[in-house]
Amino acid sequence: MDSHAQQQRIRDIHDTILENEQDKGGIEVNWKNGIDFSVVEPDTILEVEVQVANTTTSAIALLTCRIGSKDVKEQDKLASPSSSIPTHPERLGFVSLRLRWGGTRTLALIFTELQQQRNTFIITRKVFATIGDPELHDRLKPEAPYTRHRGPKMNTSGRILPSTRPPEWSKSHWVERLPKYDVPAYVIEAAFGKQSRNAVGNIKRLMPAVFNTQSYGKWFQYLLYVEEEQMRQDLLAYAMTKVEVQSDYPRYNLNVQGLAEGRPSVLVGDYILVSRTEEADDGKERTWYEGRVHRVLLDRVSLRFRDDFTAPRGMKFDVQFLFNRISYRRMYHILQNSFDPKRLLFPGPEHIRDGRAPTAAQKENLVLFNRKLEEDDEQLGAIAAILNMVPGSVPFVVFGP
């Protein structure tokens, strides 16, 4: 099944689930948002009453009740009303539900019209239960709703004094200088500006309407723009104020809380800016020293600044983590490459005319390192096909681990 068919199948299943949760056929069932037992002790018998109302004058019966894809087990006592549901809205039928499990299940109520036995329909309700200690869950729940950490506000203007390269980096001779590829201001405004609630629609309007060989570069470029800016903004949230930089000449150590968990994510070669806290409000142009990360330890980074940088004991600094754009600049550069990738990214029938299934002789001629592959004809066929591909073939896609 190709990806488009798979996505369509997922959408169809999702639509069916939503349709089953709707009242229909004149039958109304309470618990529209599902039955939530919250947190319960193990082996607790859960009980709930499901109200079923018939708003029509037709005789409608409840055929069966199911949990998931199976009929209710004996220990999960499920009692249904008599064969038919009362035909007056003010009179209700009831389903008593007793369960012993936790998790998320689906309660399915299957109805039929007695006068037209072939007219059968289903109404479902989700059932939720979490097995645990209710008191402990209550103690561990958040005290306030989650709010995104924005980082401290600081004066980030001023001049930046560059640092030196890590010694691990060997010098390279570049034939072509990599352009900057700065994220356009209009893209930032569309995704993160005043109309950010409509960010998806705003960005879609900027992207090409058609995805093909000629437009795929621009199409992916806009996605990369948004991703890069989001990562840059996320990194700004880890800025620190009034911290010390410890001298370990010729380098300096900076303690970073959360570094071991990758919050923030810092790699060798990344940049970190530091500036004396006292310069924040002195009314003068602020000076930022660019520190290059030479080593990343468990809870601190080792930085190298320019030679005139000093950090006397007790002096406080403000710190900014800079997003390393080099990988994104390389991706932008590749997307603007003039090479026509149709055979690689958009192959058609004309590109696989010479494709042939591997012969039995080609499989037998394989010299295997792992002899267990002899028992798997599909893997043998894939290996033989790859080894015997003619020059200019389309990429061979391998599924699985």
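For the range 268-286, a residue qualifies if it is in contact with a Lys or Arg (Cβ under 6 Å, 6 or more places away or on another chain) and either among the β-branched types (Val, Ile, Thr) or more than 12 Å from Leu161 (Cα to Cα) (or both), and the qualifying residues are Thr277, Glu279. Would you check if Ala129 is among the small types (Gly, Ala, Ser), within 30 Å of Asn30 (Cα to Cα) and either outside any loop (DSSP other than H, G, I, E, B) or assigned by TED's automatic domain parsing to the domain that holds Ile27 (or both)? Yes. When the range 308-341 is limited to residues that are of a type in the set (D, E, K, R) and not in a loop (DSSP other than H, G, I, E, B), the one that is surrounded by the fewest Cβ atoms within 10 Å (Cβ to Cβ) turns out to be Arg330. Only a single item in (1) in a loop (DSSP other than H, G, I, E, B); (2) more than 14 Å from Arg159 (Cα to Cα) is not met by Lys284, and it is number (2). Tally the residues that are in a helix (DSSP H, G or I) and of a type in the set (A, V, I, L, M, F, W, C), restricting the search to the range 206-227. Residues meeting the conditions: 6. Within the range 356-383, the set of residues being of a type in the set (Asp, Glu) and either surrounded by 13 or more Cβ atoms within 10 Å (Cβ to Cβ) or touching a residue at least 40 places away in the same chain (Cβ under 8 Å) (or both) comprises Glu374 only. Annotation note: Cβ proximity below 6 Å between a residue of the range 278-296 that is in contact (Cβ under 8 Å) with a residue 12 or more places away in the chain and a residue that is in a loop (DSSP other than H, G, I, E, B) and small (Gly, Ala, Ser) (sequence gap 6+ or interchain) occurs for Glu285/Gly158; Arg286/Gly158; Thr287/Gly158; Trp288/Gly158; Glu290/Ser163; Gly291/Ser163; Arg292/Ser163.
Selection of the range 1-28 for residues being at pLDDT below 85 and either within 30 Å of Ala59 (Cα to Cα) or assigned to a helix (DSSP H, G or I) (or both) yields Ser3, His4, Ala5, Gln6, Gln7, Gln8. Here Arg66, Arg118 are screened, and the one residue that is within 18 Å of Ile17 (Cα to Cα) and either modelled with pLDDT under 85 or not in a strand (DSSP E or B) (or both) is Arg66.
Scanning the range 139-194 for residues that are surrounded by 10 or more Cβ atoms within 10 Å (Cβ to Cβ), over 26 Å from Ala239 (Cβ atoms) and acidic (Asp, Glu) yields a count of 0. Residues in the range 35-57 that are closer than 19 Å to His137 by Cβ, out of contact with any helix residue (DSSP H, G or I) (no Cβ under 8 Å at 6 or more places or on another chain) and not aromatic (Phe, Trp, Tyr): Ile35, Asp36, Pro42, Asp43, Thr44, Leu46. Is it the case that some residue within the range 195-211 is more than 21 Å from the chain's Cα centre (by Cα) and small (Gly, Ala, Ser)? Within the range 195-211, one or more residues are more than 21 Å from the chain's Cα centre (by Cα) and small (Gly, Ala, Ser). Only one of these is in contact with a helix residue (DSSP H, G or I) (Cβ under 9 Å, 6 or more places away or on another chain), outside any loop (DSSP other than H, G, I, E, B) and hydroxyl-bearing (Ser, Thr, Tyr): Tyr186, Tyr181. Name it. From the options Tyr186, Tyr181, the qualifying one is Tyr186.
The values are calculated or read from the model by the stated rules, or taken from the named source; none is laboratory data. Because the structure is a prediction, the values reported are computed rather than measured. With ideal geometry, Cβ positions are generated from the backbone for all residues, glycine too; neighbour counts draw on all protein chains shown.
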